[in-house]
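Asker: Let me begin by handing over the structure; questions about it come next.
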Amino acid sequence: LLSLADRIDTLAGFFLVGLKPTGSRDPFALRRAAQGVVQILANRAGWEIPLSVEQLVDSGLAVHHPDGAALQQARSELLDFFGERVKNLFESAPFSFAYDEVASAMAAGWANSLTDLHDRIVALRSVRDNPDFLSLLDSARRIANITAGQPSVAFRRELLHDPAEKRLADLADLVGSHIDELVAQHQYQVALESFAGMAPELETFFQ
């Protein structure tokens, strides 16, 4: 904890005065300091620190009592800076996740818990070659293309007439509720497998 406090205080102070790394220049070894923070927070070797990157950044900045504009700018820059370190960590050994696996999982949020992010990346890797999951992605792309440029409207079940439409709507409600429960329990692989289970019904819908 002392090491974390020292590193985040250093990072917050330098970012608040505009002395952040640029290009290959990093005279104050800030990248190394941030990488150390990320490695500590992602650690599961018998112990785990229940702190998030967001909590550390906010605490580190608060010590320096910055004004509103300076606070928001430094916070945004620090989170982006940590985000790059998180990508580097999970794409390198010993994790060696693919860049798109890391990017996809981080797009759903990452700064709240790095161990939870790790679990979501593992779950994504486990299903990415699942035939149903790949089929589901194809259907998602097709839906995105069909609805591109269209305004958002409220879903009205009473307008459904085709049996395939009604079955898909019922399945979406059922699977959606099940996935919400699984995600709340951090059962990410099972949640993704349940999501992939919708693939056959989507294929029937588009036939």
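Asker: Being of a type in the set (Lys, Arg) and under 30 Å from residue 51 (Cα atoms) narrows it down to one residue among 156, 167, 142, 120; which is it?
Answerer: Checking each option against the conditions leaves just 120.
Asker: Another one. Report, by residue number, each residue of segment 50-109 that is among the small types (Gly, Ala, Ser) and under 18 Å from residue 33 (Cα atoms).
Answerer: 52, 59, 60, 74, 76, 83, 92 - these are the residues of segment 50-109 that are among the small types (Gly, Ala, Ser) and under 18 Å from residue 33 (Cα atoms).
Asker: Exactly one of (1) under 17 Å from residue 186 (Cα atoms); (2) at pLDDT 95 or above; (3) open to solvent by less than 60 Å² (accessible area, probe 1.4 Å) is unmet by residue 113. Its number?
Answerer: For residue 113, the failing item is (2).
Asker: Restricting to segment 128-154, give me the number of residues that are free of Cβ contacts under 8 Å to residues at least 12 places away in the same chain and more than 17 Å from residue 203 (Cβ to Cβ).
Answerer: 9
Asker: Restricting to segment 60-81, name every residue that is surrounded by fewer than 14 Cβ atoms within 10 Å (Cβ to Cβ) and in a helix (DSSP H, G or I).
Answerer: The answer is 62, 63, 68, 69, 72, 76, 80.
Asker: Checking residue 106 against (1) over 25 Å from residue 11 (Cβ atoms); (2) modelled with pLDDT of 95 or more, which single condition isn't satisfied?
Answerer: Of the numbered conditions (1) over 25 Å from residue 11 (Cβ atoms); (2) modelled with pLDDT of 95 or more, the odd one out for residue 106 is (1).
Asker: Within segment 44-57, which residues are touching a residue at least 24 places away in the same chain (Cβ under 8 Å) and open to solvent by 10 Å² or more (accessible area, probe 1.4 Å)?
Answerer: The answer is 44, 48, 49, 51, 54, 56.
Asker: If we scan segment 81-95, do we find a residue that is touching a His at 6+ places or on another chain (Cβ under 8 Å) and over 29 Å from residue 29 (Cβ atoms)?
Answerer: no
Let's see how each residue does on (1) farther than 30 Å from residue 84 by Cβ; (2) in contact with a His (Cβ under 6 Å, 6 or more places away or on another chain); (3) of a type in the set (Asp, Glu):
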| residue | (1), (2), (3) |
| --- | --- |
| 122 | no, no, no |
| 128 | no, no, no |
| 131 | yes, no, no |
| 164 | yes, no, no |
| 171 | yes, no, no |
| 178 | yes, no, no |
| 184 | no, no, no |
| 194 | yes, yes, no |
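Asker: Taking the criterion of being of a type outside the set (A, V, I, L, M, F, W, C), open to solvent by 80 Å² or more (accessible area, probe 1.4 Å) and under 22 Å from residue 188 (Cα atoms), would at least one residue in segment 21-37 satisfy it?
Answerer: no
Asker: Residue 84 passes all but one of (1) part of a helix (DSSP H, G or I); (2) open to solvent by less than 70 Å² (accessible area, probe 1.4 Å); (3) out of contact with any helix residue (DSSP H, G or I) (no Cβ under 8 Å at 6 or more places or on another chain); (4) within 30 Å of residue 129 (Cα to Cα); which number fails?
Answerer: For residue 84, the exception is condition (2).
Asker: Kindly list the number of the only condition in (1) open to solvent by 40 Å² or more (accessible area, probe 1.4 Å); (2) free of Cβ contacts under 8 Å to residues at least 40 places away in the same chain that fails for residue 101.
Answerer: Status for residue 101: all satisfied but (1).
The values are calculated or read from the model by the stated rules, or taken from the named source; none is laboratory data. Since we're looking at a predicted model, the values are computed, not measured. No Cβ is skipped: glycine too gets one built from the backbone with ideal geometry, and neighbour counts run over all protein chains shown. Note: areas computed on protein heavy atoms with side chains; ligands, DNA, RNA excluded. Shrake-Rupley method; radii C 1.70, N 1.55, O 1.52, S 1.80 Å.
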